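Trainee: Here it is: the structure, laid out below.
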């Protein structure tokens, strides 16, 4: 975010403070009346964090997503209402690891001392962007492509067991901010963790025949998923804004041939024209690996979206290897 945008946010914040909060409900804030109005206000960043937070919060908190569900975190542009939402919130839940590069200037512009920030990546083992090797969890840094990953891949929510760690961190933060509902947060966190463990077991069973094999995704969204299930994720490009080079295309073509891949995987929102052309050149189909960075408004309201999407990712990956539900062609290369 450049100096001009930061200045604009600061100006908007000053205006909001000077004018005070307007009466009544604000558009998109989901404020209720009576007992509902007493619920703790929680702001989340983008879709996967919203889904995990809703699962833990239940009826105890009013959860509002800062990033609209149809917008990815890298494309988010702050609005005046976002500053007001942060000023009114008691808690902000983020993924961390630099994926929310817009967040710190926005928090500074909101200028509120009561906001408790929950970094759900705390304590989660991380992987580097390209190599997939462990990296220290050392905060947010800029990279060469305008993101702030600091060489650390931020897509930890795509590993169900790491997502379970995020759920526990969210539970602890919500309970600390709202002790009166600690029992409810704890009960729902236990239930959500059990669902995540069940999802993990189902995916592990489904993908076990393909351990050691590589799959190809459009950009580097899947290393955590791959590591968890003994696979290797190969990305055509690091981030979707980069155009692939001839060397990238040649590298991926080699991976496809060596691993008997039948389909390339891309995100639902990615155009990937070069990816489509590559698939046509290699005689492959295009399937989907959904990183849950975007979705519909309806999907963002239901924590089940996480589980349904992850299960579908596993099924699509099996098909990319040439298998099908209930049948394995893992030995066919």
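Rule-based calculations on the coordinates, nothing more; no lab input. The structure displayed is predicted, hence computed values, not measured ones. Here the Cβ is made from the backbone with ideal geometry for all residues, glycine too, and neighbour counts use every protein chain on show.
Trainee: If we sort 158-170, 231-243 on the protection proxy, mean other Cβ atoms within 10 Å, highest first, what's the order?
Mentor: Numbers: 158-170: 22.7, 231-243: 18.4.
For the peptides 158-170, 231-243, the packing ranking is 158-170, 231-243.
Trainee: Using all C-alpha to C-alpha distances in region 37-96, build P(r) with 10 Å bins and read off the rounded percent in each one.
Mentor: P(r) for region 37-96, in whole percents per bin: 24, 56, 19, 1.
Trainee: Counting only C-alpha contacts under 8 Å and six or more residues apart, can you give the relative contact order of region 206-320 as a whole percent? Show your work: numbers first, answer last.
Mentor: Details: 156 pairs, mean separation 30.1, N = 115.
It rounds to 26 percent for region 206-320.
Trainee: Also, quick follow-up: Calculate the length of the line joining the C-alpha centroid of region 160-229 to that of region 64-91, in whole Å.
Mentor: Centre-to-centre distance over Cα atoms comes out at 24 Å.
Trainee: Can you give me the Rg/Rh ratio for region 206-320, using Cα atoms for both radii and the Kirkwood formula for Rh? Present the calculation step by step, with values, prior to reporting the outcome.
Mentor: Numbers: Rg = 14.0 Å, Rh = 14.5 Å.
Over the Cα atoms of region 206-320, Rg/Rh equals 0.96.
Trainee: While we're looking at this one, here's another question. Sort 91-100, 176-185 by packing, meaning the average of other beta carbons within 10 Å per residue, with the highest value first. List each step's numbers first, then the result.
Mentor: On the way: 91-100: 24.7, 176-185: 16.1.
Averaged packing, sorted descending, gives the order 91-100, 176-185.
Trainee: With label points built 7 Å along Cα→Cβ from the Cα atoms of residue 258 and residue 282, find their separation and express it in nm.
Mentor: 1.2 nm
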